[in-house]
Every structure is written in C-alpha cells, then in structure tokens.
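What follows is a short report on a single structure.
The values are calculated or read from the model by the stated rules, or taken from the named source; none is laboratory data. Please read these numbers as outputs of a predicted model, since none were measured by experiment. Positions of Cβ are generated from backbone atoms using ideal geometry, with glycine treated the same way; all protein chains shown enter the neighbour counts. Heads up: the accessible areas ignore ligands, DNA and RNA and are worked out on the full protein's heavy atoms, side chains in. Shrake-Rupley method; radii C 1.70, N 1.55, O 1.52, S 1.80 Å.
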Amino acid sequence: MASSIIDLSEDLTSPFSSSELSYAQSEASSINLNNAHFIKGRLYAYLSYTNPPGSFASFGILLDPVNPGVSVNNIGVIGLPLSERDAKAIIGVCHEATSAGSDKMLADATTKGIWELDADKFHVRNPRWHLALRKIIKKVGSDLGVESGADEIRAEVNKLFVYEEGAISKPHMESGKAPRAFATLAICLPSQHEGGELHITHCGQSMVHETARVPEFAQSYMAWYSDVTHEVMTIKSGYRLVLTYNLVYYPGVAWSAATLGDDKTRLHNIFAGWRNSLVNDTSDCPMILAYILNQGHTKADFSPSQLKDKDNLKARYLKEVCEEAGFYFYLADLHCTFGGCSEEDDSEDSEVRGHDNSNGKGKNVKREASNEGGESGDGRIRAQSTESAHPDTLKLKNVVGIDGTKVAEEASICMGDIIQPNPFAEDLDGEDHSGVGDDEGVISARLYRKKVALLIPQEYHVPFLLGAVENSSAQVQAWLSRVIHSVQTNPSDRVREELVELLENVMELQHARISTKESCRESHSASHVSDGTEEPFPEEIMGEVLKGALLLEHMEHCVRAIELVQGKLPSSVFPELGKAMLSHSSDMKDITSIAVDNQPSIHEKYAALNAMLSAYEEDDLGNVDAPPSPVGEDSLREWVKAKFEEILGKTHKHCVKEDGRALVEIARTCGNRNGVLLRRVLPLVRSHATATAFTITFLNHLFEAYEDSVFARHEVVTVFRDVLGDFALEFLPRPRGTRAGPSPLGVLSTELELVTGEDVAALIGNCLSLDLTKEMDHLLVKITSAAGTVDTSCFSAIFLPLLSTLILDLDVRSIPISTPRFHQFAHGILILYLARHVGPQPREPTSWKRPACGCSRRCTDCNALDQFLADPERKLGRFPLAKPRRDHLQRQLELGGSKCTYGTDEKGLPHELVVTKTDKGWKGAQKAWRGRCREAVKAVKGLAVDGAALRGLLGPNYEELVGWGLKVDGARAAAA
C-alpha cells in the first residue's frame, strides 16, 4: 500500500503592501549604521518579511483526543488505551526497529525491544483523524518556525511503533528520510507505561518529553527536525504505541534546525548594531522600540502565553536574543486615540464602537478647527486617512514580561518609537477601534488598541520603567522585591547590574523629592503635594533599597539608603543589618546605630536590635557573658548590649503598652549586671507611671520574669512598691467606630494602649503573690475611685472582666470573695455599675413641658413656639404662618430634638403649622433602660459566684437587681 498523505497546503498571498516593503528596503540600506531609522528598518524587515525561527522541537498534550482508528492488517482495529493482548498481537506482525527510524540496524543490543510496522501494513480508518492531525501540524509548524505554519506542510504516514519493557534507543539522527521530508512527527497514542523519556539535543540545547506522565486517555505529540539528535530512555514497564509521520515541506525553502542558527545570527547582528550605537553615544540612537503584533486588544487579563502563532514565536525568539544581546523584552497594550477622544473614552469597558466600511478600509479621525481641516458643513468631523494622521494620545498599558509578571500599569511612548511605518494606516476591525459614526462614514472619534513587543537596551531599562512606576509606591516596591529575589536565586551579572542601577535611580529620585519637600516647607508652600507625585517614597521602599544594597555588599549605598529613609525602617531589614554587622562591623556600626535610633518607640528599638541578634548562630539571647564572636571585641552581641543600655539612659516622650514588655526583655538580655533593673529601668518606668497600659504591662511581665528566676525577689518587690506608689489609673472611653470587645483604651488612644480587665486582675494577683498587701489595698482603692469617674463603657470593657477574672484567681488561691478587702472592692464596683451604667428607671412625665428649641435670634415665631413648649398644660399648638415661616419652625423643631410631631392644616389662610407634643422621649429612655437592665442581670449572673455570695456582694441591691429582671420579663410578656 502506498503511503497515506495528508496535503495541508493552501494558496498564500502576501499581507504586506508595496509601500511597506519599499520602506523596509530603503531604511535597511541606509549608509548611517548608527541612525535610528536604520535600526528600525532592519528590525521591521526581519520581523515582517521573514518568519522568525522557532524551536528545533515541539511537544504537546491532547487531553480530549480523537482516536485515529488504527487498523492492522490481519488483526483489525486496535483498541485504545492499548491492552497487553493487542500490544503482543501487533508485535507478532512487526519486525525489530532500525533505531526507531529508517537507519540501518545498529549493532548495539540496546536497540532491542522497539518494534516497527511499515505504512503498508496498517491504515487509519477514522475520517475525523485528518482534521485533528491538521490542528497538530499547524501547531508544530508554528513551533518549528516554518513559514505560514501548517499551510506549507504535508504529513506522510511513516510507521507504527510498539515499545515493550526494556526498549531503548541510543542517540542518533534521522537518515534516509522521504524526499523533501524535513522533520518527524510522533504521536503517542494512549498506552500505559513507565519510563521511555525522549531526549532531543541540538547545538548544546536539550529538550525532554515524558510520555509516561500523560493522562491515561490522552495523547501526546513530539516533532523534531531531521538534523537533531534524539534518543529514547529505557521503557521500565508497560507498552508504548507511537504513530509517526514524515513532515514534508511544500515547494520552497528546505527547512532544518541549522537554519535556526542562521536567522538567529541575523537578528543578533541587528541588535549588535543597536548596541554599537549606544556605545558610541549616538544622539539619535533609540532608547526604546515597539513592534506592533497581530494580536488584538483583549478585555480580560492577558497572559503572554495567549499570543497566537507567529506572535508567539516572535515574542519567544526576541526575548531570547534580547537576553543574549543585553536588551530587555516586554509585552504591552498600545493605546492611542484619534479625533479628540478623551482619556475616559479609552477604557476597557467602552461600549461605543465605530467603523467606516464604505470603501472596505477602516479610517481613523482627526479633529480640525475649520472646514478645511475636515469639518463638514453640519459640524460633523469627516474621516481622514491615518497615513498622514498622528494620534492625539499615545501610551502603553499593562506592561508585562514574557512570564506574565506585570512591571508597569502605564508607560509613555512616542510615534518615533514604533518600528512599523505608518502604523495606524492598516485596516483595523471594530474590536480594536471605538467611535461614533453614521451611514455616511462620518466618525467623531476612534480608539486604537494593539499588543506590542517592547525592546529596551539595558542602559535605558531602569530609567524607562522607573519613569512609568515612580508614582506608584506599590509597583516600585514590587519591582525592587522582584529583582532582589532574582539576585538571591540567580545572581547573574545582568540581574546584579539591574539591581545596582535600580537602587541608584530610586535613591536619586528620593533625594530629589526630599529636597523639594524641604524647599516647599521653608517657603511655607504645600502646593507640591497637591497631586502626591512629589512625596518621598515610604519607608517600605527604602527598606527594600537597603536590603538590595546589603545583598550586593555596597556599603556606600547602605549608608545613603538609611539617610534617605523618611521615618522608621521596616523590621524585616534588621536581620540583614545584623548579618552585615558580622561581616563589616567597622563599616556598618555607625550607620546601623542611626537606623536603630530612628525607630520611634522603645519596643520598636528593641525589636530591631533583637532581630539583628537573630543573625547570630547562637539563639541564647540572654547569655551576654558568652565569649565574643570571631569579629573581635566589637562583636554584634556586645554592640547590641551597649545599644540596650543607651536606650535605658535616654528620655522618652511617650511609653506605650508594648514598651513595658520590651523594657523587661532589655533588662533580661542585659543580665541585670550592675543592677540595671533598679538603677536604669526603675527610674524610666516611674517617670511614666501615669501611662496606665505601659505600667501595668511592665509590672506583669516583670513578675513573669521573676517566676523564670531572672530577677531576685527583693528587686522585684522594690520595683512594685516604688511604681505602685506613683501609679495613677487613667482610662479613656473607647473611640467611636472601634470594634467591640473586652479591650478598652488606656491613656493614648492607640491600638498599643489597650488595657484589659484581665491585665488589671493579673496585677492584683501579682501583688498577692509578692505579699504586697498594703500596695494592693491602695491599688483596689484607686480602681474603685476610677470606676466612679470613667466613661460607663469601661464597666463592660474593664471592670466586669476584672471582677470575673479576680474571683476565679481568688478561688484558685482558696481565698473567698467574702474576705473583707475583696468583698468591699467587688461590692463597690458592682454598686457603681448598677448606679452609673444602669441608673434609675425613667419616670413618666407628669406635665407636657418640653425644652425650648427657638433660634438664637429669638424671632417672634420662635418665641411663640417656645412659649407653647414651656406650657405644662398644652399638648397641641397651632401657628398660622406663611410657608417660609412654617419651614423655619420645622427646622428648629428638628434641630432641637423636641420629640414633637408636626404637620400642616391647609383649611384656612394662612395655613397652620400644627405641633403635637409626644412622650417619645420617655418611651425611648424606658426602652434603653430595660436594655441596660437585661445587660446588668446577665453580666452579674456571669461572675461565677453562687447566689448566696452574690447576695452578699450586692447587699440590698440584690433584691433590686432581681426586681429588674422581673420587670424586664414582665415588659416582654406585656409586649407579647
């Protein structure tokens, strides 16, 4: 049987105009090799009139494949996935393969286990297979870089192969192929097996395809040029069934893997000329070039993997050559507007579409001020060819790398940066243009959107991108983090040079912004921050700059980065500073000290120094007497300890809650040598004894350290006595809008200043443990006194949780709540709670007197209204007034909160404003009081004490509380 041939060729026509071809040829033949037009012309000629080379091999997986219906002579149709029975049956009619191709039999025994069946011994029966094969070949042709993809390739059935367990093929190249065959296509049909990886090698590059990892019911395909080396690894188990084709080129160029290197050399030469222009500092050398791809604009998030056919090949090949030649490659959306289209019109969701198809060509529009410029007599704008038009706006959006990483939301570009001549003169469809038109072809505005490939020399890469993202701190920080990670994982010279240039540019920009801000401050001008573009970078960005400088071990950059920080450094920087101190102690000591001093609070300074100590291999932070590190007496540990003592010796304006914990840790780390707790820490704490949250946290954490045997008992007792003697409880109500919970605020209304009832109860318990009964009694009196003055919201947030925790702690200590000091304390808190938070039941008003609400001018109408409101007998008031005067009284009633209703009686003239006094105020107060009663009953019953103990705590008020519960329940029953 003759070989089955699928002819996939079609007639082709050139998509390029003669004017474009003339442009490329004339520009490419320019004498001035350093001229920007020459570089653009050569790139345009290469990218537009030659097919960019692809890869020397192509792999793919078909998850929903078509069964080809392979029928073997004398056996019949082979079932898929391949069974062991069918595999053995096929092998029975095969002969041993000649190294998986048409080569002569290799003598080496490693080729055994591969069985082949010639094309005349089987045929494909499924007619749908030809369509499926056409799609495969189209993709393979594109991947291999064959011009027009499948349109110039024929597929010729070659052989059917069965690989059994132990099958293997040594490295070899194809020979004796069919006439005009340039590549092999192998389709692995569903057949379970392990091993058998295909290794393909060309010019030092290798590719591997593992057919065993393909899902059981899927197919995979492999294609490679005839002049590449390939081998098959050992089949470890199972059988593999492979259908192969010879790929034959249609009359034209003979394709091979060797042609890839030739075309790549041509493109390298173009970039080498561009590089030469940069070295010679040519004035008109392009800083960036953009090549418009065929890929249209897409509304959804775009991934470079979605590029189609030639665009995909061009992108991958350009990216490879750019990396080798010292250039950067990106993809972006090119947005331009014609005809006065506004920025708002240029949106992803624009629903206005226009296209003039009267002559089969799409035309963009440019607005003109006069009839000569294209305005029709009726004021409409006539369509003009874009061959002579320039866009009103031109910009890049969504700049991404070939891996899909977004590097900029928007960037600038000009017409001279575009490689194509007359880039907007071609016919474009409605998906890429937006506008408003009519049947006469009059269009008011057009938008143009296309995907472009950006080519940027290394020298201009950082300035270009930084100019695009400098007003977005998030994008700048993401860029810094991305490059730093690249240096850590792949420290190539190219990546390190990018990081150096990026750091220098960011610091230069930061210095300029700080200078501008200081100049404006001196001139008392705030105009520079009107749009936020001149604000210095935040500390997070400068922290990334410092990390990068430390990674590169550029000490000068480290110093400058810290100097340029506006505020404190992020805590994540300090472990890196610690490592740098270990390696460059003498260089880093002073500048690191400045970085620590810039941390605003004690706990932030402690966290920074503690993070630096984590750079040590030793984890024992408390062992400061350990031998110094190998760097000498100026070891990191000794330096950090000196900084701790320096913190203790300074005056601090404010101390917050976390500072209390940090002070104890500092004293712990210093080992309390030379009495640091009493000599340095105690004076600092006493100077901030009115900072409630700070003081309570310090004392509680100090007691925990005492229990860990860090400090002596007599030292801790001394600190407790001295601090509690100066201690002042000051609570502020919870600010509006903060979340509810058991955490009220202390002196400073910040998240760090939260004081809880549990904190206060722990302090009381610690006094008990230290036998400080006198100090504890004074503390209980202070707490009770505070409960009589603070905002009532503190009862549910502090005092009730305090009582609940204290009662449980006393029970653990076998101390009854009936003990006089604690009974008196609990009784006082509960009585104040009932009196201040719940309050007496509102009394129903006995008269109709209401508060005045007249205006400040005391006008005649308001005087009459106030007289009515003050009358205890009158419930209804009538005021015959014109509408403006009625409206005035209505506003006063609303502003004054009179709880009166009003309306207009329109029977007479003038109309009367009718005001009715109501008891809404009393009813509202009654409802709120019942709610507080329910809350109080629930809270008091939740104190974990029995009824007798609760009766003892409340005394006569116990019956009142029970009565409240009965009243509330009765009110509920009545309402039901």
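Per-residue 3J(HN,Hα) values for region 127-134, derived from phi via the Karplus relation 6.51 cos²θ - 1.76 cosθ + 1.60 with θ = phi - 60°, read x, 6, 5, 5, 5, 5, 5, 4 Hz in sequence order (x marks Gly and Pro). Taking all protein chains together and a 1.4 Å probe, the residues Y330, Y460 rank Y460, Y330 from largest to smallest accessible area. The length gained on full extension between S593 and A728, counted as 0.36 nm times the residue separation minus their Cα-Cα distance, comes to 45.1 nm.
Peptides 65-78, 315-328, ordered by how many other C-beta atoms sit within 10 Å of their residues on average, highest first, read 315-328, 65-78.
Given a 1.4 Å probe and the protein chains as shown, R154 ends up with an accessible area of around 70 Å².
For region 692-704, putting each phi into the Karplus relation 6.51 cos²θ - 1.76 cosθ + 1.60 with θ = phi - 60° gives couplings of 4, 4, 4, 5, 4, 5, 4, 5, 5, 6, 5, 5, 4 Hz, in residue order, rounded to whole numbers and with x for Gly and Pro.
Full extension of the segment from V208 to E165, taken as 0.36 nm per residue of separation minus the current Cα-Cα distance, would add 13.5 nm. Once backbone amide H atoms are built at 1.01 Å from N, V407 has V399, V400, G401 as its partners under 5 Å, excluding neighbours fewer than 5 places away on the same chain. Couplings for region 639-655, taken from phi via the Karplus curve 6.51 cos²θ - 1.76 cosθ + 1.60 with θ = phi - 60°, read 5, 5, 4, 5, 5, 4, 5, 5, 4, 5, x, 8, 8, 10, 5, 10, 10 Hz in order; Gly and Pro are left as x. Once amide H atoms are built 1.01 Å from N in the peptide plane, which residues 5 or more positions from C900, or in another chain, come under 5 Å H to H? Answer set, sorted by chain and number: none.
What do you reckon, how do F217, F574 stack up by accessible area (1.4 Å probe), largest on top?
Numbers: F217 140, F574 0 Å².
Heavy-atom accessible area, descending, gives F217, F574.
Database remark: amide H of F711 closer than 5 angstrom to the amide H of Y706 (H placed geometrically; neighbours at sequence offset of 5 or more, or on other chains; Pro and chain starts carry no H).
Each 10 Å bin from 0 upward holds the following percent of the Cα-Cα pairs of region 779-862: 14, 33, 18, 13, 11, 7, 3, 0.
Spin-label model, D919 to Q890: label points 7 Å out along the Cα-to-beta-carbon direction sit 2.8 nm apart. For the residue pairs K589/K653; K605/K650; K112/K138; K40/K450; K264/K397; K406/K451, the C-alpha atoms sit more than 24 angstrom apart in K589/K653; K112/K138; K264/K397.
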